[in-house]
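**Q** Got a structure here, written out as structure tokens. Questions coming.
Just so it is clear, none of the values below were taken in a lab; they were calculated from the coordinates. What you see is a predicted model; the values in this text were computed from it and never measured. Glycine also receives a Cβ, built like all others from the backbone with ideal geometry; neighbour counts cover every protein chain displayed.
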Amino acid sequence: MQWQHYSVTIDPKKEEAVTGLLYSLGIEGVEIEDGLFPTEEELGNMFVDLSPELAPDELPQVARPSVHFYIRLAEENDTAALPQDGDAVDDSYTIHDRAWSKAEVAAFLETLEAAWPSVSGGIPFELQCDISREEDWRDNWKQYFQPLLVEDLLILPCWEEIPEAYAGAVSSGKIKTIRLDPGTAFGSGTHESTKLCLNALKKWQKGGEKVLDIGCGSGILSFAALAYGAESVLATELDPACETVIRENIELNNIEKDKIRLIMGNILSDDKTVYGSSYDLIVCNVLAPVICALAELGQADLLAAHGAIFITSGIYKEHREEVENSFRKNPSWKLLETTEMGDWVSVTARRV
């Protein structure tokens, strides 16, 4: 299938008028870019951390206010997929794409241009168009996620086979494998913060631990802990988009149900008894403010056994001292080491 992707610059104040016009002409869905830089709250929800030292030209670029929409082009013998009267089949999960003929597209564009002055707020009608094929956006992203060896862990996309170069070491057990479909969750192993955590697990984990993975994302650190001999893992996650991803990845790796549990919730504000206690190892790859909060008295220290190791990452280098000081302020923790990779930092502490 192929779609024509259209975008047009708008006056943000006329957003509703423009979208209303598009809907009235048969467009079934639109994407809106408001052209506004994200607020601090929005940046927090997107799980990003920007350095205050970034120059203006280094900040994420914000597009001009615009509306995007797609038109599916009719192919030979193609008809619109519309529900029929009396259809007893539950097709509530089906997307019914209208297939537009060339004549219909031409008539639509002519009508849109004629009506544009009434909704534009003075913005000229400048419509951009390109072709978007289903196979392009469905699979092309996969080229950026390739098999990755970190320490003695081979992280494999679920659609890849074990590379021949590692086959012997995998068969002998010298290299352990983790299969992942990252989906919409963070944690494919390629980011420096994830690599820092994997390196720390290799160094500090001895085997037989009861592990807590805070902010598990795709589940990669949970699976790594199990590969290194953890007795069990409790994975926690706040983002609902990750729940399906981690459950699917548990199945991909054939992990026994008694080896891993998942709790969706906010470990900072939830009743801590829900999460248990006496964890021998805690790993947390999130953002510096969350780690600082977890380091406070009455937070992660309530979950950790005496002598437990707490591995943290996702810390931009600008916040290194802030995180270290958070652990120093809590007598329950003793700093063990801080490591860096690129612009990212991992801080490891021990429960005393």
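**Q** Considering the alpha-carbon set of segment 145-351 alone, what are its Rg and its Dmax in angstrom?
**A** Reported Rg and Dmax, both Å: 16.1, 50.
**Q** Right, something else. I need I263, I131 ordered by Cβ neighbour count within 10 Å, fewest first.
**A** Values: I263 15, I131 10.
Ascending Cβ contact count within 10 Å gives the list I131, I263.
**Q** So in segment 145-351, what percent of DSSP beta bridges are antiparallel if you round to the nearest 5?
**A** 40
**Q** Here's another thing I want to ask about it. Where does the charge balance sit around N199 when Lys and Arg score +1, Asp and Glu -1, over other residues with C-beta under 15 Å from its C-beta? The partial results should precede the final answer.
**A** Working: positive: K176, K195, K202, K203; negative: E151, D152, E192, E337, E340.
The answer is -1.
**Q** Among G208, I178, L156, whose Cα projects farthest towards the positive end of the dipole of segment 145-351, with charges put on the beta-carbon of Lys, Arg (+1) and Asp, Glu (-1)?
**A** G208
**Q** Here is a further query. What do you get for chymotrypsin sites (Phe, Trp or Tyr not before Pro) in segment 293-333 restricted to DSSP loop and a cutoff of at most 15 other Cβ within 10 Å of the site's Cβ?
**A** The qualifying sites: there are none.
**Q** Fewest Cβ neighbours within 10 Å first, please rank V105, V150 accordingly. Could you put the intermediate results ahead of the total?
**A** On the way: V105 16, V150 20.
Ascending Cβ contact count within 10 Å gives the list V105, V150.
**Q** For the pair K334 and L127, how long in nm is the line joining their label points, each one 7 Å along Cα→Cβ?
**A** Calculated label separation equals 7.1 nm.
**Q** Past the 18 Å Cα-Cα mark, which pairs from K174/K203; K176/K203; K202/K257?
**A** K202/K257, as the Cα separations exceed 18 Å there.
**Q** Right, something else. Ranked from highest to lowest mean number of other Cβ atoms within 10 Å per residue, what is the order of the peptides 277-286, 200-209?
**A** Averaged packing, sorted descending, gives the order 277-286, 200-209.
**Q** Starting from the Cα gyration tensor of segment 187-278, take the square roots of the eigenvalues, sort them a ≥ b ≥ c, and report rounded, prolate or oblate (rounded when a/c is under 1.5, otherwise prolate if a/b is larger than b/c, else oblate).
**A** rounded
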